[in-house]
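K.L.:
Structure in structure tokens, see below.
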Amino acid sequence: MSGLAETRALAENPAKTGSKASSVTKRLRIGFLGVGWIGRHRMEAMLATGLADAVAIADPSAEMLDAALAVAPEAQQAHDLDNLLTHDLDGLVIATPSAAHAAQSIEALKRGVPVFCQKPLGPSAAEVEAVVEAARQNDLLLGVDLSYRQTDGMQRIKALLDEQALGETFAADLVFHNAYGPDKPWFYDRSLSGGGCVIDLGVHLVDLALWSLGFPEVDEVSSTLLSKGRPVGPDSDEVEDYAVANLTLKGGAVVRIACSWRLQAGTEAIIQASFYGTQGGASLQNVDGSFYKLTADRFLGTSTESLAGLQEDWGGFAAAAWIRQLAQDPGFDPDCEHLVQSAKVLDRIYGR
């Protein structure tokens, strides 16, 4: 029995283990396609769970391969995705240029391997839908690295919203300004990235807004995209470095989203996700311009109380959560269908 087949059998027949499927002790065999900083960091988070081993890695950069092998010295080097998939894998982690994500995910899923992919899953809703359908048809777990969901602050804000502890939510403001911008050239090539700051940073904001509010229908979307201060149209070869979008949800609530690269904001980053209701508000925000230090507060009128204290080491939480879910059940998770809804909003922001 293959590794994935064994994991699935234990998940479907927990009686074989004498308890729930979470008692599976077999270490998962994971492949890594792309082991730059993000891919390597997610590898470390997955290995730290004690549930997985990195058995094969692939990256065109010898420097990145060497760095990954320092983390997982027993891993075998693979030439490409096809070579990776010849290994007996229980899962594949994809951290390659964005435009390749959808096709690579579909190939792995068709060959029977669950996938954890960097965001965005695809540059368009049609491609995201095709990936989700491949996961559904092959009954395999599909995850995307939407890491802000897993922070303590957003978990607590989500709980307040679910309980309607803030009353009726009527507005949300979400911001992500990166004063540096990406350092890899492919981010600025639309054919490789699928877009600029919206698909890089705005994807987190759209997901957080819809996820936090229970994925409501989006009735209207308006947006403005700029590059170096000038408008960028949907047919332009340029990628946007500043964008603002307004979403009107079914029922009338409004969501404002703003994101940018290289904004002269006086600090390294501005990250915030704020939700306002008839009986209070709540906000996640970064601290001192940091990309990694986050806190959350709850508001009542002009008063503020701490909702979640300072948190720094959260970037790998989504990767670790996917490994734990994979160990319990490698089958299709219907929650990933919401990825299509978020991708459709991104299409509308881009005017597609």
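K.L.:
From L146, L161, L140, grab the single residue that is more than 26 Å from R29 (Cα to Cα) and either in contact with a Phe, Trp or Tyr (Cβ under 9 Å, 6 or more places away or on another chain) or at pLDDT 95 or above (or both).
P.N.:
On the way: L146 fails: more than 26 Å from R29 (Cα to Cα); L140 fails: more than 26 Å from R29 (Cα to Cα).
It is L161.
K.L.:
If the requirement is being in contact with a strand residue (DSSP E or B) (Cβ under 8 Å, 6 or more places away or on another chain) and free of Cβ contacts under 8 Å to residues at least 60 places away in the same chain, which of these qualifies: D241, D183, D219, D189?
P.N.:
Values: D241 fails: free of Cβ contacts under 8 Å to residues at least 60 places away in the same chain; D183 fails: in contact with a strand residue (DSSP E or B) (Cβ under 8 Å, 6 or more places away or on another chain); D189 fails: in contact with a strand residue (DSSP E or B) (Cβ under 8 Å, 6 or more places away or on another chain).
Unique residue meeting the criteria: D219.
K.L.:
Taking only the stretch 119-131 into account, find how many residues are more than 14 Å from A103 (Cβ to Cβ) and either modelled with pLDDT under 95 or not in a helix (DSSP H, G or I) (or both).
P.N.:
Start the filter on the stretch 119-131 by keeping residues that are more than 14 Å from A103 (Cβ to Cβ), which leaves 119, 125.
From the residues that got through so far, the ones that are either modelled with pLDDT under 95 or not in a helix (DSSP H, G or I) (or both) too are 119.
Number of matching residues: 1.
Condition check ((1) modelled with pLDDT of 95 or more; (2) under 30 Å from I106 (Cβ atoms); (3) in contact with a His (Cβ under 7 Å, 6 or more places away or on another chain)) across all residues:
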| site | (1), (2), (3) |
| --- | --- |
| A258 | yes, no, no |
| L263 | yes, no, yes |
| Q279 | yes, no, no |
| N286 | yes, no, no |
| S306 | yes, no, no |
| C336 | yes, yes, no |
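K.L.:
If you check Q279 against the conditions, is it of a type in the set (S, T, N, Q) and under 16 Å from D162 (Cβ atoms)?
P.N.:
Details: of a type in the set (S, T, N, Q): yes; under 16 Å from D162 (Cβ atoms): yes.
Here the answer is yes, as Q279 does meet what is asked.
K.L.:
Restricting the search to the stretch 132-163, which residues are assigned to a loop (DSSP other than H, G, I, E, B) and either surrounded by 18 or more Cβ atoms within 10 Å (Cβ to Cβ) or of a type in the set (G, A, S) (or both)? Break it down stepwise before answering.
P.N.:
Restricting attention to the stretch 132-163, the residues satisfying the condition of being assigned to a loop (DSSP other than H, G, I, E, B) are 138-141, 145-146, 151, 163.
Of everything in the stretch 132-163, those that are assigned to a loop (DSSP other than H, G, I, E, B) and either surrounded by 18 or more Cβ atoms within 10 Å (Cβ to Cβ) or of a type in the set (G, A, S) (or both) turn out to be N138, L140, L141, D145, L146, T151.
K.L.:
Next question. Of the residues in the stretch 246-264, how many are surrounded by 14 or more Cβ atoms within 10 Å (Cβ to Cβ) and either touching a residue at least 60 places away in the same chain (Cβ under 8 Å) or closer than 17 Å to S227 by Cα (or both)? Walk me through it before giving the result.
P.N.:
Within the stretch 246-264, the subset surrounded by 14 or more Cβ atoms within 10 Å (Cβ to Cβ) is 246-249, 253-263.
This time we only want the ones that are either touching a residue at least 60 places away in the same chain (Cβ under 8 Å) or closer than 17 Å to S227 by Cα (or both), so: 247, 253-263.
Count: 12.
K.L.:
Surrounded by 18 or more Cβ atoms within 10 Å (Cβ to Cβ), of a type in the set (F, W, Y), touching a residue at least 60 places away in the same chain (Cβ under 8 Å) and outside the structural domain of D207 (by TED's automatic domain parsing): is that true of W322 in this structure?
P.N.:
Details: surrounded by 18 or more Cβ atoms within 10 Å (Cβ to Cβ): yes; of a type in the set (F, W, Y): yes; touching a residue at least 60 places away in the same chain (Cβ under 8 Å): yes; outside the structural domain of D207 (by TED's automatic domain parsing): yes.
Yes: the conditions hold for W322.
K.L.:
Then there's this: Working carefully through the options D207, D237, D219, find the one that is buried (at least 22 other Cβ atoms within 10 Å of the Cβ) and charged (D, E, K, R).
P.N.:
Numbers: D237 fails: buried (at least 22 other Cβ atoms within 10 Å of the Cβ); D219 fails: buried (at least 22 other Cβ atoms within 10 Å of the Cβ).
Checking each option against the conditions leaves just D207.
K.L.:
Sticking with this structure for a sec: Within the stretch 131-154, is there a residue that is hydrophobic (A, V, I, L, M, F, W, C), in contact with a His (Cβ under 6 Å, 6 or more places away or on another chain) and within 28 Å of H41 (Cβ to Cβ)? Can you show your working first?
P.N.:
Pass one, the stretch 131-154, residues hydrophobic (A, V, I, L, M, F, W, C): 131-132, 134-135, 140-142, 144, 146, 154.
The next check asks that each one be in contact with a His (Cβ under 6 Å, 6 or more places away or on another chain); those that pass are none.
No, that holds for no residue.
K.L.:
Right, another one. Mind listing whichever residues of the stretch 164-215 are out of contact with any Lys or Arg (no Cβ under 6 Å at 6 or more places or on another chain), of a type in the set (S, T, N, Q) and part of a helix (DSSP H, G or I)?
P.N.:
S191, S193
The values are calculated or read from the model by the stated rules, or taken from the named source; none is laboratory data. As the structure is a prediction and not an experimental result, all values here were calculated from the model. Glycine gets a Cβ as well: all are built from the backbone with ideal geometry, and neighbour counts include every protein chain shown.
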